[in-house]
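Structure record follows, encoded as structure tokens.
The values are calculated or read from the model by the stated rules, or taken from the named source; none is laboratory data. Quick caveat, the model's predicted, so the values are computed rather than measured. Reconstructed Cβ throughout: ideal geometry from the backbone, glycine too, with neighbour counts over all protein chains shown.
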Amino acid sequence: MQQTSASITAERKHSHVDICLHREVCFDAQDTGLASWRFEHNAAPEINAAEIDLTTVFLGRKIAMPLMISSMTGGYGEALSLNRMLAEAAEKYRIPLGVGSMRQALEGNSHRESFAIVRKSAPSVPVYANIGAPEVASGLSSAQLSLMLELVEADALIVHINPAQELFQPEGSTAFRGFLDKLHTITSTIPVPVIAKEVGCGISAIVARKLADAGVRAVDVAGAGGISWQKVEECRYIEKFDHDNRFSPSALDELLNWGIPTSVCLAGIAALKKQHPEYEPLSVVSSGGIRNGIDIAKSIALGADIAASAQHLLKALHEGTLQHTIETWANDLKAVMFLTGSATIEQLKQAPIHKQH
Ligand SMILES: Cc1cc2nc3c(=O)[nH]c(=O)nc-3n(C[C@H](O)[C@H](O)[C@H](O)COP(=O)(O)O)c2cc1C
């Protein structure tokens with residue numbers, strides 16, 4: 001039977017969750033680099049731990065802590081319950097969440113409820129729609145953009161830019177020419193902010209600047225250190241063709257581990273903002289390998305406004321520990337804030353942090 005593009009997309013989204021839960025697909029030759037940064041201990045913090053305030057404002061909305069549940073899924077049967085549980089956690093802890101790529105919702109109406117359930121289960125927190133750079137580059141109509149935004153009553157649109165993933169994906173699209181111009185058209189026409197994110201290879205300062213010039217209000221660096229989407233797609237390629245001889249064996253390893261570590265992305269964008277204050281308004285999300293609240297704290301001290309996590313929170317959901325994980329990450333973050341004398345997230349942004357050699 002001939003597969004439709006909607007059924008191919010649904011199958012891919014299903015296998016992504018499966019592979020991320022059950023296969024070893026993290027970078028092995030790269031980490032986030034966050035472990036090599038250490039806060040300066042403050043022996044006289046002059047604050048009471050009980051008064052530490054984790055609330056912050058992201059894209060104009062107050063949230064309870066600087067953490068977002070990253071875009072993951074939607075568009076196939078089981079995605080409905082996954083998205084419902086992720087959204088319930090986001091609502092309970094008053095943090096934003098992104099839905100997975102909405103390409104499937106544009107291709108047909110069979111699983112649109114798996115996206116709509118997110119807004120139903122998270123009525124009061126920021127929810128972000130999501131679409132990929134290849135779809136943007138090939139041109140999205142205003143009807144398609146409205147459909148995605150309305151389906152989740154989106155507070156922002158996330159555009160994921162994933163050239164390495166598309167390169168490795170058996171059915172990937174590598175037509176990226178013209179993406180920035182098309183992105184600019186979207187940022188100047190839709191009624192909500194646009195967040196540009198990678199999916200694990202990181203965003204350099206040069207690219208962040210181009211994205212800001214194209215009108216995006218935030219970049220989510222999604223740097224190297226967590227999932228390698230090249231590895232995820234390599235698993236799918238080998239399952240489909242039983243081999244991969246596309247690349248030299250010696251090059252393959254480097255390509256599978258390709259990317260800019262999360263901490264390097266953050267430091268680069270912070271330096272850009274310092275050198276060119278006109279980019280100061282660009283909000284920054286730190287993601288790619290975030291493992292705990294100390295990673296969140298370090299991200300903020302290195303210039304991020306909030307952090308985001310996908311794989312760790314998905315695994316926690318799978319193990320029935322999602323709520324506990326979010327609570328412990330909040331406790332980790334409070335511990336660092338106490339020990340650096342930071343009563344608020346704004347103060348944490350100024351906390352002294354040093355690179356270890
Ligand atoms: C199962 C799964 C599916 C994902 N699907 C999407 C997606 O549809 N759109 C997107 O922008 N990112 C997607 N991502 C990427 C994440 O949002 C995130 O950028 C990336 O995994 C790096 O973060 P991490 O190391 O915390 O997982 C997905 C991640 C996971 C784990």
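Does the range 283-293 contain any residue that is surrounded by fewer than 22 Cβ atoms within 10 Å (Cβ to Cβ), within 15 Å of the ligand (Cβ to nearest atom) and either in contact (Cβ under 8 Å) with a residue 24 or more places away in the chain or within 17 Å of the chain's Cα centre (by Cα) (or both)?
Yes, the range 283-293 contains a residue that is surrounded by fewer than 22 Cβ atoms within 10 Å (Cβ to Cβ), within 15 Å of the ligand (Cβ to nearest atom) and either in contact (Cβ under 8 Å) with a residue 24 or more places away in the chain or within 17 Å of the chain's Cα centre (by Cα) (or both).
Return the pair list, or none, for Cβ contacts closer than 7 Å from residues in the range 198-224 that are closer than 18 Å to Ala308 by Cα and of a type in the set (Ser, Thr, Tyr) to residues that are near the ligand (Cβ under 10 Å from one of its atoms) and not in a loop (DSSP other than H, G, I, E, B), at least 6 apart or on different chains.
Filtered contacts from the range 198-224: no entries.
Show me the helices (runs of 4 or more DSSP H) found entirely inside the range 1-118 where at least 2 residues are basic (Lys, Arg).
5-22, 79-93
Is at least one residue of the range 62-76 farther than 18 Å from Ile296 by Cβ and away from the ligand (no atom under 16 Å from the Cβ)?
Checking the range 62-76: not a single residue is farther than 18 Å from Ile296 by Cβ and away from the ligand (no atom under 16 Å from the Cβ).
Need pairs with beta-carbon distance below 8 Å; first residue over 19 Å from Gly132 (Cβ atoms) and within the range 229-243, second more than 12 Å from the ligand (Cβ to nearest atom) and not basic (Lys, Arg); sequence gap 6+ or separate chains.
Within 8 Å, the pairs are Ile238/Asp244; Lys240/Pro170; Phe241/Pro170.
Going by the structure shown, is Ala297 away from the ligand (no atom under 15 Å from the Cβ), buried (at least 19 other Cβ atoms within 10 Å of the Cβ), at pLDDT 95 or above and over 18 Å from the mean Cα position of the chain (by Cα)?
So Ala297 does not fit the description; no.
Scan the range 105-132 and report the pairs whose first residue is crowded, with 23+ Cβ neighbours inside 10 Å and whose second residue is assigned to a helix (DSSP H, G or I) and β-branched (Val, Ile, Thr), with Cβ atoms within less than 6 Å and a gap of 6+ or a chain change.
Pairs found: Val127/Val118.
Here are Lys92, Lys13: which of them is touching a residue at least 24 places away in the same chain (Cβ under 8 Å), closer than 30 Å to Asp155 by Cβ, within 15 Å of the ligand (Cβ to nearest atom) and out of contact with any Cys (no Cβ under 9 Å at 6 or more places or on another chain)?
Within the list Lys92, Lys13, the selection yields Lys13.
Could you tell me which of the residues Ala271, Ala351, Ala343 is exposed (fewer than 15 other Cβ atoms within 10 Å of the Cβ) and small (Gly, Ala, Ser)?
From the options Ala271, Ala351, Ala343, the qualifying one is Ala271.
List the number of the failed condition for Pro191; all other conditions in (1) outside any loop (DSSP other than H, G, I, E, B); (2) touching a residue at least 40 places away in the same chain (Cβ under 8 Å) hold.
Among (1) outside any loop (DSSP other than H, G, I, E, B); (2) touching a residue at least 40 places away in the same chain (Cβ under 8 Å), Pro191 violates only (1).
If I go through the range 304-352 residue by residue, how many of them are among the polar types (S, T, N, Q), in contact (Cβ under 8 Å) with a residue 24 or more places away in the chain and closer than 28 Å to Trp229 by Cα?
Residues in the range 304-352 being among the polar types (S, T, N, Q), in contact (Cβ under 8 Å) with a residue 24 or more places away in the chain and closer than 28 Å to Trp229 by Cα: 4 in total.
Just give me the residues in the range 260-292 being assigned to a loop (DSSP other than H, G, I, E, B) and over 23 Å from Arg12 (Cα atoms), in sequence order.
Ile260, His276, Glu280, Pro281, Leu282, Ile290, Arg291, Asn292
What residue, among those in the range 304-328 that are surrounded by fewer than 24 Cβ atoms within 10 Å (Cβ to Cβ), within 13 Å of the ligand (Cβ to nearest atom) and among the polar types (S, T, N, Q), is farthest from the chain's Cα centre (by Cα)?
So the residue we want is Thr325.
Hey, any hits in the range 128-149 for a residue that's assigned to a loop (DSSP other than H, G, I, E, B), away from the ligand (no atom under 15 Å from the Cβ) and closer than 20 Å to Glu88 by Cα?
The answer is no; no qualifying residue exists.
Restricting to the range 306-324, give me the number of residues that are touching a Leu at 6+ places or on another chain (Cβ under 9 Å) and not in a helix (DSSP H, G or I).
Here the count works out to 4.
Does Ile195 satisfy being out of contact with any helix residue (DSSP H, G or I) (no Cβ under 9 Å at 6 or more places or on another chain), closer than 13 Å to Leu282 by Cβ and either within 12 Å of the ligand (Cβ to nearest atom) or among the hydroxyl-bearing types (Ser, Thr, Tyr) (or both)?
Judged against the criteria, Ile195 is a match.
On the given criteria, is Gly259 at pLDDT 95 or above, crowded, with 19+ Cβ neighbours inside 10 Å, touching a Lys or Arg at 6+ places or on another chain (Cβ under 8 Å) and not polar (S, T, N, Q)?
Here the answer is no, as Gly259 does not meet what is asked.
Kindly establish whether Phe179 is closer than 18 Å to His16 by Cα, crowded, with 17+ Cβ neighbours inside 10 Å and either in contact with a His (Cβ under 7 Å, 6 or more places away or on another chain) or not aliphatic (A, V, I, L, M) (or both).
no
Quick one: is Ser250 in a helix (DSSP H, G or I), within 19 Å of Gln356 (Cβ to Cβ) and either of a type in the set (Gly, Ala, Ser) or at pLDDT below 95 (or both)?
Answer is no for this residue.
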